[in-house]
1. When segment B:39-66 is examined, which residues are found to be more than 10 Å from chain A (Cβ to nearest Cβ), of a type in the set (A, V, I, L, M, F, W, C) and surrounded by 15 or more Cβ atoms within 10 Å (Cβ to Cβ)?
2. Looking at segment A:93-106, can you tell me whether even one residue there is at pLDDT 75 or above and of a type outside the set (Asp, Glu)?
3. Could you list, ordered by first residue, the pairs with Cβ atoms under 6 Å in which the first is in segment A:1-25 and touching a residue at least 12 places away in the same chain (Cβ under 8 Å) and the second is surrounded by fewer than 19 Cβ atoms within 10 Å (Cβ to Cβ) and in a helix (DSSP H, G or I), at least 6 apart or interchain?
4. Residues being surrounded by fewer than 19 Cβ atoms within 10 Å (Cβ to Cβ) and in a helix (DSSP H, G or I): count how many of those fall in segment B:144-162.
5. Hey, can you tell me all the residues within segment B:23-38 that are on the phi < 0 side of the Ramachandran plot and surrounded by fewer than 23 Cβ atoms within 10 Å (Cβ to Cβ)?
6. In segment A:125-152, which residues are buried (at least 17 other Cβ atoms within 10 Å of the Cβ), closer than 30 Å to B:Gln82 by Cα and modelled with pLDDT under 85?
7. Could you check segment B:29-38 and list, in sequence order, the residues that are within 9 Å of another protein chain (Cβ to nearest Cβ) and either touching a residue at least 12 places away in the same chain (Cβ under 8 Å) or touching a His at 6+ places or on another chain (Cβ under 8 Å) (or both)?
8. Out of A:Arg113, A:Arg55, A:Arg121, which single residue is surrounded by 10 or more Cβ atoms within 10 Å (Cβ to Cβ), under 44 Å from the mean Cα position of the chain (by Cα) and at pLDDT 85 or above?
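The values are calculated or read from the model by the stated rules, or taken from the named source; none is laboratory data. Just so we're clear, the structure is a prediction, and the values are computed from it rather than from any experiment. All Cβ positions, glycine included, derive from the backbone under ideal geometry; neighbour counts span all protein chains shown.
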Amino acid sequence: MSDLKKILPVYTPPDAVWEGIAEELSPLRGLQTTPPDAIWENIEAELSKSKQKSRYRFWGWYAAAAGLLLPLVGAALYLFLQQAPTETISYSEEKNTAQKVVYNSDFDQQYARIQALCTKRITACQKPDFKNLKRELDDLTTASLRLQEAIGTYNTDADLTQQLTDIERERGVILRKMEQRI
Amino acid sequence: MTESDLVQGCIAQNLACQRQLYDRYKTAMYTLAYRITGDFDDANSVLQDTFLAVFRQLPTFRQEATLGAWIKAILVRNAYKQTTKIKRLVAVENLPEDSSAINWNIGNMDAARLEQAILALPEGARAVFVLNEVEGYTHREIAEMLGISEGTSKSQLSYAKKRLREMLVIN
């Protein structure tokens with residue numbers, strides 16, 4: 001051993017390195033994979049087809065029910081109008097049920113799971129394309145939080161809401177890509 | 001368990017044997033990976049890639065060298081590849097070959113300071129210095145492992161020694 005080697009310090013690798021190796025060597029590795037996007041797109045298409053079919057199936061029943069109810073409703077309306085005063089004031093209240101677009105915290109959990117996996121699959125997480133995706137996700141997360149803040153509680157600006165929806169969708173896409181690479 | 005038994009166990013994909021082989025070499029290999037890359041994250045990555053390559057290539061290991069030397073050669077290539085992803089060898093002016101041994105003044109030398117000085121060297125020069133002065137490889141072996149000429153290996157070593165002398169004020 002050289003003199004220099006004798007005096008220089010030695011370092012021990014973290015346990016995560018072995019865990020990553022063991023996982024790569026596992027015979028189960030590769031059997032559990034994330035399905036490609038096309039699979040979900042097919043499922044979605046099939047679901048929307050079956051929704052349309054079921055709508056057509058019940059159309060006949062709706063028509064029959066309408067035919068039966070229409071004369072009854074007409075008669076009831078005629079009787080009501082005969083008894084009612086000619087001038088009325090009416091008012092109504094409506095509750096604003098518009099869904100507030102919110103920052104998707106499920107993505108944070110998904111991201112935390114990816115980060116946990118990264119401690120075991122160091123190589124995959126250090127690849128440049130993975131790092132690029134991570135950077136992109138960080139930027140989008142920051143943008144999403146800022147937008148959420150700008151939109152505030154009442155969610156009245158349709159443009160901002162649309163932007164937030166787009167960003168959240170993009171975050172979902174990036175997280176899926178990161179999962180595929182890991 | 002002898003090294004030969006261990007190798008056979010690893011070829012049979014016995015995880016316990018693979019773990020034992022890893023444990024046997026991990027510290028030496030990790031230290032070398034860190035010294036070449038100068039970064040713990042990179043060293044983690046290099047160590048992981050190296051052992052995965054070792055376990056996959058073990059059936060082709062012909063025992064012409066010791067197992068440790070074989071693993072080390074794979075590691076050095078991986079580590080050097082990791083450093084050259086970003087930068088190449090620094091352009092070195094034609095320095096005369098420096099075959100003089102540096103007196104490391106072992107007794108008084110502060111190991112941490114020495115390590116810092118080595119890590120402060122440019123990547124290529126540091127890799128050559130570590131392989132030659134610390135690990136004891138010849139210029140021919142270094143040239144083969146790093147894919148450079150022997151002349152480049154010599155000039156990078158001269159540059160590394162010159163810089164270290166300056167940094168550590170050694171005569």
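1. The answer is B:Ala53, B:Leu58, B:Phe61.
2. Yes, segment A:93-106 contains at least one residue that is at pLDDT 75 or above and of a type outside the set (Asp, Glu).
3. Here the result reads A:Glu24/B:Leu52, each pair linking segment A:1-25 to a residue that is surrounded by fewer than 19 Cβ atoms within 10 Å (Cβ to Cβ) and in a helix (DSSP H, G or I).
4. Matching residues across segment B:144-162 total 5.
5. B:Asp23, B:Arg24, B:Tyr25, B:Lys26, B:Thr27, B:Ala28, B:Thr31
6. Once the filter is applied, which keeps residues that are buried (at least 17 other Cβ atoms within 10 Å of the Cβ), closer than 30 Å to B:Gln82 by Cα and modelled with pLDDT under 85, segment A:125-152 yields only A:Gln126.
7. B:Met29, B:Tyr30, B:Ala33, B:Arg35, listed by residue number.
8. Unique residue meeting the criteria: A:Arg113.
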